[in-house]
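Mind having a look at this structure? Questions to follow.
Read the figures in this text as sums done on the coordinates, not as results from a lab. Not measured: the values here are computed from a predicted model. A quick note on method: Cβ atoms are made from the backbone with ideal geometry, for glycine too, and the neighbour counts reach across all protein chains shown.
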Amino acid sequence: FNIDPAIVVDTAAVAIEIALEGRGVMLINGPFVTDHLEAGRLVSPVAHSVVGPGSWGVICRAELRDNPRVKAFTDWLSACAAPR
């Protein structure tokens, strides 16, 4: 997949808005999206999660969960995070 141009933002609020609009996937930490997850506006496209202080999760709109681009991103991220 060609990922250019990549969207990179420096605030969680902007990342959440982009994900809610269906224009991206975000890597987010903490309880910033709890309400959106509980309401079903956003979902985690992967089953794996880690709970702990400062933990992070991958979040996207529900209808994008099976999108090949989202899958490619989460596969890449999982490979990078895998124990070596």
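Once phi is turned into θ = phi - 60°, what whole-Hz ³J(HN,Hα) does the Karplus curve with 6.51, -1.76 and 1.60 give for every residue of region 7-13, x standing for Gly and Pro?
9, 10, 10, 10, 9, 5, 4
Modelling each spin label as a point 7 Å along the Cα-to-Cβ direction, I'd like the ASP66/PHE32 distance in nm, to one decimal.
Label at ASP66, label at PHE32, 2.9 nm between them.
What does the charge count near VAL14 come to, summing +1 for each Lys or Arg and -1 for each Asp or Glu among other residues with Cβ under 13 Å from its Cβ?
Around VAL14, the surrounding residues sum to -2.
Quick query: amide H of LEU42 versus all other amide H atoms, modeled in the peptide plane; which residues come in under 5 Å with a sequence gap of 5 or more or a different chain?
For LEU42, whose amide H was placed from the backbone, the distant partners under 5 Å are LEU37.
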